[in-house]
Structures are given as C-alpha cells and as structure tokens.
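Enquirer: So that we are looking at the same thing, I have put the structure below in structure tokens.
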Amino acid sequence: MDRIILSGGTPLSGSLPISGAKNSALKLQAASLLTSQPLVLTNMPELADTRFMVQLLEQLGVQVFWPKGSGRLSMHAEAITSSIAPYDLVRKMRATFNVLGPLLAREGHATVSLPGGCAIGARPVDLHLKAFEAMGADIHIEAGYVKAAALRGLKGARVVFPFVSVGATEHALMAATLARGETVLENAAREPEIGDLASCLIAMGAKIDGIGTSTLTIQGVDSLHGANWKVIPDRIEAGTYACCVAAAGGGVTLTDVVPSTLSSLLDVLSRAGVSIETGEDWIKVSRTPSSPLKAVDIDTQPYPGFPTDLQAQVMGLMTMAEGASIFRENIFENRFMHAPELRRLGADITVRGSEAVVRGVKELKGAPVMATDLRASVSLVIAALMADDETSISRVYHLDRGFERLEEKLSGVGVTIRRASGSDE
Ligand code: EPZ
C-alpha cells in the first residue's frame, strides 16, 4: 500500500485548478440508468470512487466510454441487462446504492445490496426506502439485499423527510422523474450537488421545480432523453485546498470554483484571520505565515450550514490556532477519527461524544500517521503542512477515493510531497 510523505514550512503560491464534484458526479452517473440514450458528463473527476461506479454501471449493462485524462464520460444505458447490484460492489462504495431508484423507476424492479455502516457512522438507508414505499414500491429486505418492485411503475407521492438527507433527497428525486403524476419532496436537502443533479435531469427532459429550496416538486414524465452535462466544481476539494493555503501561508488562487457554494467555510477562514478574495469563478486565499491563526468554533449542519465534509480539514487547521475551538459534529455520529492521528503530530484535542475541543499548540512535529477516511486523511495533510519535519501518511487509498491528482496539485503550488510504495502497517 502507498504512503504520502510531505514536509511543511513552505508558503504556497500560484494557482490551483479545482476538479468536478465527486458527490455530484456519482449521482449523475446513477442518473444515466434513467434513459436509453447516452448521458455525457464533462468536467468528470477521475477518482477511485467514480471509476468504481463505472464498474457497477457496466455490470448493469451500461456502455461506458471514458478516455483517460479526457474528463469526458459517456454512459449509454440502451438496455439494462441486470438490475442487481451485488454486495461486493455496494460494500466498497456506498454511493453505488443510489442505482436502486433509477433501476426501480425504469425497470420496475431492482435488487441492491444494503450498504451497511461505515467508518463515520451507521448510515442507514431507511429514508430512501420509505420514499420508494410512498411512491408505491414493495420493499423487502432479504439476506442483506433490498428487493424493490413497482411492476406497474412508481406513482407520485408527498414525501416529508423527518430530517435532511442528501442521499435520500437525490434518490427520491431521480425515481420521481419517471413516476406517474406529481411528487413533492419536503424538507429536502439543498446541497449544490442536488441542484446539479436536478438541473441535469431537467436537461434530460424531467420536470422539476424548487431547485435550491427545501421543497422539490416533480411532475413525472414517460421517459427521459440523453444530454450533455458539465459536472459542477467540487466545493469540498476547493475548501480543502483553501485550508491547505491557510495552514501553510502564502497566497494561492483556486480556479474553476463557485465561491457562493463555499460561503460558510470562507466566513470561518476570514474569522480565523485568513484573507479571502473572490471573483466569479475563483477564490484567492492568503495568509502571511507570521500572522497567527485565530481559533473559530465549528457546528456542522446541512447546506447552507457548515459542511461535515470540511470539519476534519478545519480541525487540522485549528490545531495551531491561538485559543480553543469547539467542534460540534451534528451529521455523523463517528466523525472524529482524525483526532487521535492529529494528536500523534502533537495536537491537543479532547473528544467527548459529538463534541471536540481543540486547544491550539505552538508547534506540531511530523510523524507517521494513518488515514482513516477520505476527509480525515486530508486533515492530516493540512496539519502536516504546519508541522516541522516530514509526515508520512499511510492508507492513502482513502485520499485517492476523492482527491484527483492530489500530489500534482499540491506540488504545483510549492508543497514538497511524494508518494512512496509500501507502508509501515
Ligand atoms: C452525502 O452522504 C455525501 N456522500 C457525504 O460525503 C456527506 O458527508 C453527506 O451527504 C452529508 O453532506 C455522497 O454524496 C456520496 P445523508 P449521504 O443522507 O447522502 C442519516 C464524503 O466524504 N440517514 O445526508 O449518505 C445518516 O446516517 C461523503 O464525500 C439516516 O438516518 O448523507 C446521517 O447521519 C461522506 N437514514 C444523516 O442522515 C437515511 O435513510 C445525513 O446523511 C439516510 C441518512
């Protein structure tokens, strides 16, 4: 297994391009199952997760054309040859569960493995299944598989989510595009990735109102057609690199971004003493290395609140801030696995349930650490940028799941970083 080795202490400069959003791309990939015509995605991030979704789509009969380095993915689900998503594929990446709704809506039946829990929490799928039941599907769970059937097609329904779920909103939205009549999704998630999915579905012929609000109204249509769609920029990747610059100091312009989707993070960084300038599709992040970071509290919330997917990164940054920061994680029950690893670098972090207190320290020292999940691992990169000496991060396959060309992008702005084969594990 590979390791990433990096050294801190060098201010960063230059510009850093942001890729297409992983969490949008994965759902857009699933949406290709809704039509017998080609769906072509551009600005497509080449990641372990998106390649993994391709494997599943191919298994279901989708013809895929994705030349390496092109950023252009063509998916043609002319005929669906299987509507079974097996355990081996769903277990490795939860977002593959999101083929259930499109298969059910188009084929009238689907058998998809239950995803199970993962490192950051139990992550049940009950809200997804309740939405499909409300739309007339029969759902049975048998031997770890969800067996869903709506042999006469799904019908429109009013679905009120008891709390906000990104995945359940996206899943119900996709299925509703082909249901008979009107579906209303209330207390829907408002993440920009949902707006991207809804807009792509509209380009495919779907009828959807309320994008960007917590009520989505969908008028079902008989069929959808193909489309070309550009994946929105990855706000979490952009936010992560903004934290890298804040950590190392210097000045870097992030390009190909939508600054408004990062308002909550940019506000946190400004309050921490980082200078932020924004344009239409760029963000310049700067900090004089000698000017100290100030402690800021974080309370994760659904969009437009502070994203759980940036909590670990800001924690990495706050390890050397002046004062104490309180982190409240309200979305997932076990999302502080980075804390013990950050402590190995010298951070002072106390975790109690869903709250963590980070007391800024004067110095961090490089050490061997281990990545535990995608966002947790990149918080180690951020802390390592402030540490003396080298830090070696093992289990980097977590980083490869969600950060396209991480070493190339970071070395492009001045980070001394390399990948080595083999690990200390
Ligand atoms: C999406 O996960 C993202 N994943 C996550 O990003 C992100 O952290 C999360 O949304 C919140 O923003 C993808 O888009 C692929 P949820 P999702 O349903 O859809 C509970 C990353 O690092 N819940 O909004 O699974 C759930 O357990 C990943 O890129 C139920 O109880 O998140 C959680 O506590 C990690 N029952 C909360 O709701 C359900 O049926 C919110 O989860 C569904 C969810």
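The values are calculated or read from the model by the stated rules, or taken from the named source; none is laboratory data. Computed from a prediction, not measured in an experiment: that's the story for all the values here. Every residue, glycine as well, gets a Cβ built from its backbone with ideal geometry; the counts of neighbours run over all protein chains shown. Surface areas here come from the heavy atoms of the whole protein model, side chains and all, with no ligands, DNA or RNA. Shrake-Rupley method; radii C 1.70, N 1.55, O 1.52, S 1.80 Å.
Enquirer: Scan region 176-189 residue by residue and report those that are surrounded by fewer than 19 Cβ atoms within 10 Å (Cβ to Cβ) and within 16 Å of the ligand (Cβ to nearest atom). Step through it out loud before you land on a result.
Expert: Initial filter on region 176-189 (surrounded by fewer than 19 Cβ atoms within 10 Å (Cβ to Cβ)): 180-182, 184, 186-187.
If the condition is that a residue be surrounded by fewer than 19 Cβ atoms within 10 Å (Cβ to Cβ) and within 16 Å of the ligand (Cβ to nearest atom), then E186, N187 are the ones that fit.
Enquirer: Restricting attention to region 300-327, which residues are within 14 Å of the ligand (Cβ to nearest atom) and open to solvent by 10 Å² or more (accessible area, probe 1.4 Å)?
Expert: Once the filter is applied, which keeps residues that are within 14 Å of the ligand (Cβ to nearest atom) and open to solvent by 10 Å² or more (accessible area, probe 1.4 Å), region 300-327 yields Q301, P302, Y303, P304, G305, F306, P307, T308, D309.
Enquirer: Find the residue count for region 328-351, including only residues that are within 16 Å of the ligand (Cβ to nearest atom), within 18 Å of A367 (Cα to Cα) and not in a loop (DSSP other than H, G, I, E, B).
Expert: Count: 1.
Enquirer: Moving to a separate point now. Out of S7, S13, S36, which single residue is farther than 30 Å from G414 by Cα and open to solvent by 10 Å² or more (accessible area, probe 1.4 Å)?
Expert: S36
Enquirer: A further question on this structure: Hey, does region 72-79 have a residue that's under 19 Å from the mean Cα position of the chain (by Cα), under 21 Å from A150 (Cβ atoms) and either within 16 Å of the ligand (Cβ to nearest atom) or exposed (fewer than 15 other Cβ atoms within 10 Å of the Cβ) (or both)?
Expert: Within region 72-79, the subset under 19 Å from the mean Cα position of the chain (by Cα) is 73.
Narrowing further to those that are under 21 Å from A150 (Cβ atoms): none.
No, the conditions are met nowhere in region 72-79.
Enquirer: In addition: Has region 135-154 got at least one residue that is farther than 16 Å from A110 by Cα and either within 16 Å of the ligand (Cβ to nearest atom) or not acidic (D, E) (or both)?
Expert: No, the conditions are met nowhere in region 135-154.
Enquirer: Considering region 230-264 alone, what residues qualify as being crowded, with 24+ Cβ neighbours inside 10 Å and either part of a strand (DSSP E or B) or at pLDDT below 95 (or both)?
Expert: The answer is P233, V252, L254.
Enquirer: Report, ordered by the first and then the second residue, all pairs with beta carbons closer than 9 Å, sequence separation of six or more or different chains, a first member in region 72-100 that is in a loop (DSSP other than H, G, I, E, B), and a second member that is more than 15 Å from the ligand (Cβ to nearest atom) and basic (K, R).
Expert: A77/R106; I80/R106; S83/R106
Enquirer: Looking at Q63, Q29 in this structure, which one is modelled with pLDDT of 95 or more and more than 19 Å from D234 (Cα to Cα)?
Expert: Q63
Enquirer: Separate question: What's the total number of residues in region 80-114 that are surrounded by fewer than 17 Cβ atoms within 10 Å (Cβ to Cβ), within 15 Å of the ligand (Cβ to nearest atom) and under 18 Å from T35 (Cα atoms)?
Expert: 0
Enquirer: May I pose another question? Pairs, please: C-beta under 8 Å, at least 6 apart or cross-chain, first residue part of a loop (DSSP other than H, G, I, E, B) and in region 1-26, second of a type in the set (F, W, Y) and surrounded by 22 or more Cβ atoms within 10 Å (Cβ to Cβ)?
Expert: Taking only residues 6 or more apart or on different chains, the pairs are I18/Y241.
Enquirer: How many residues does region 234-271 hold that are within 16 Å of L197 (Cβ to Cβ), out of contact with any Gly (no Cβ under 7 Å at 6 or more places or on another chain) and of a type outside the set (A, V, I, L, M, F, W, C)?
Expert: The qualifying residues number 2.
Enquirer: Look through region 358-388, keep the residues that are over 18 Å from E407 (Cα atoms) and within 25 Å of the chain's Cα centre (by Cα), and return whichever of them is nearest to the ligand (Cβ to nearest atom).
Expert: T372
Enquirer: When you check P192 against the structure, is it of a type outside the set (G, A, S) and either surrounded by fewer than 18 Cβ atoms within 10 Å (Cβ to Cβ) or in contact with a His (Cβ under 8 Å, 6 or more places away or on another chain) (or both), yes or no?
Expert: Answer is no for this residue.
Enquirer: I'm trying to understand the selection: among the residues of region 47-61, which are open to solvent by less than 10 Å² (accessible area, probe 1.4 Å) and free of Cβ contacts under 8 Å to residues at least 40 places away in the same chain?
Expert: Here is the first cut: in region 47-61, the ones open to solvent by less than 10 Å² (accessible area, probe 1.4 Å) are 47, 49-50, 53, 56-57, 60.
The answer is T50, and nothing else.
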